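For reference, the structure discussed in these notes is given below.
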Amino acid sequence: MEVFPSIEDLRSWAERLEEVQERLAPYFERAEPRQRVMAYLSGLLSTTERKNGWQLAELAGEARPDGMQRLREHRALGCGPGA
């Protein structure tokens, strides 16, 4: 049986995104990828029914899903501060 988060859970998590952004910031040298990650996370926490590359890109105001797909496919093992 699958258990989905409630609307209240999603709203609570979305309110804490600023804290998440601050914690993730050191892992990104440039602002653009960091902004895309935050848009991606915001999309995942949205009430949008379908959360695929196209939908997440559309929510972020992007014309194509390429950036979201690259983000999802990127392997960042060993990256970040102190790596």
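Restricting the GluC sites (Glu not before Pro) of the stretch 19-51 to loop positions (DSSP other than H, G, I, E, B) with no more than 15 neighbouring Cβ atoms within 10 Å leaves E29, E49. Within the stretch 14-73, the trypsin sites (Lys or Arg not before Pro) that combine a DSSP coil assignment with at most 16 other C-beta atoms in a 10 angstrom radius are R16, R30, R50, K51.
Need one number: the % of Cα-Cα pairs in the stretch 31-73 sitting beyond the 14 Å mark. Roughly 36 percent, once rounded to a whole number.
Across every pair of different alpha-carbon atoms, what Kirkwood hydrodynamic radius in Å does the chain reach?
Values: mean 1/r = 0.0719 Å⁻¹.
Computed over the chain, the radius equals 13.9 Å.
Any read-out appearing in this document is the output of simple, stated calculations on the displayed coordinates, not a laboratory observation. Only a predicted model underlies this, so the values are computations on that prediction, with no experimental measurement involved. Positions of Cβ are backbone-derived with ideal geometry, glycine not excepted, and every protein chain shown enters the neighbour counts.
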